[in-house]
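Written below as structure tokens is the structure these notes are about.
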Amino acid sequence: MPAPVRARLLLASSSPRRRDLLAQIGIIPDGIVKPDIDETPKRDELPRAYVVRIAQAKALAAASSLTAGDLLLAADTSVALGRRILPKAEDEATARRCLGLLSGRRHTVMTAVVLRAADGSQTSRLVESVVALSRFTTDQIDGLIAAGDWHGKAGGYAVQGHAASFVRFLSGSYSNVVGLPLFETAQLLRGRGWMP
């Protein structure tokens, strides 16, 4: 008797970090879909509501790529300093500003993960981790900026990069801080019978 055909898994993200994290647990998406959405926070939007809204918007925007039996994985990661949502650093000035705000302080990294089926049904998880970075000197910030791994990262740093030597405390999921909480993602997929 032939083995059952596994559903195709599409990833609604162009993030190489998410692909690397999935590969770490043996998951290679069958396709990549880059959702085109506006990720600007709404006025007075709180971080939890924001990250959930963006992950759901990504799933919805990419849903047209699904065919019968397919699954779509979408996620969004944000860094929150209290009620403030820190941006993804696309330029040095933003990265410096974020690092200055995070210097010597605890912050929360949140990822919302959505698994959507072709029939429109979906399940989701919101994962939060707390990170504390040491206080930076000007030279240390200069070094982090020169290293370049801040580009495109929420909060202007990569916990798996040069900033790792400044992480004095991390509570919760490390992979969440990188960009995708692997335990919760695997649980969502197991719930659909996609992985053992």
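The values are calculated or read from the model by the stated rules, or taken from the named source; none is laboratory data. From a predicted model like this one, the values you see are computed outputs, not experimental measurements. Note that each Cβ is placed from the backbone with ideal geometry, even for glycine, and that neighbours are counted across all protein chains shown. For accessibility, only protein heavy atoms count, side chains too; no ligands or nucleic acids. Shrake-Rupley method; radii C 1.70, N 1.55, O 1.52, S 1.80 Å.
For the stretch 4-82, run through the trypsin sites (Lys or Arg not before Pro) and keep only the ones in DSSP coil with at most 11 other Cβ atoms within 10 Å of their Cβ.
Sites meeting the loop and neighbour criteria: Lys42, Arg43.
With both bridge residues required to lie in the chain, what share of the DSSP beta bridges run antiparallel, to the nearest 5%? Working shown, then result.
Working: 29 of 34 bridges.
Roughly 85 percent of the DSSP beta bridges within the chain come out antiparallel.
Could you tell me the distance between the Cα centroids of the stretch 155-190 and the stretch 29-62, to the nearest Å?
The distance from the Cα centre of the stretch 155-190 to that of the stretch 29-62 comes to 19 Å.
Any idea of His151's accessible area? Nearest 10 Å², probe 1.4 Å.
100
Quick one: if you stick a label point 7 Å off each Cα along the C-beta vector at Leu101 and Asp44, how many nm between them?
For Leu101 paired with Asp44, the spin-label model returns 1.9 nm.
Net charge near Gln160: determine it from the other residues with C-beta under 15 Å of the C-beta of Gln160, scoring Lys and Arg +1 and Asp and Glu -1. If you can, show how the numbers build up before the last one.
On the way: positive: Arg17, Arg18, Arg19, Lys153; negative: Asp20, Asp149.
Net charge around Gln160: +2.
Using a 1.4 angstrom probe, figure out how much accessible area the stretch 99-179 has per residue, in square angstrom, rounded to the nearest whole. Intermediate results must be reported in sequence, preceding the final value.
Working: 3400 Å² over 81 residues.
For the stretch 99-179, the solvent-accessible area averages 42 Å² per residue.
Give the angle, between 0 and 90 degrees and rounded to the nearest 10, that separates the Cα long axis of helix 92-102 from the longest principal axis of the Cα atoms of the chain.
Helix 92-102 sits at roughly 80 degrees to that axis.
If you roll a 1.4 angstrom probe over the protein chains with everything in place, what fraction of the accessible area of the chain belongs to carbon and sulfur, to the nearest %?
Details: 5040 of 9750 Å².
Reported share for carbon and sulfur atoms: 52 percent.
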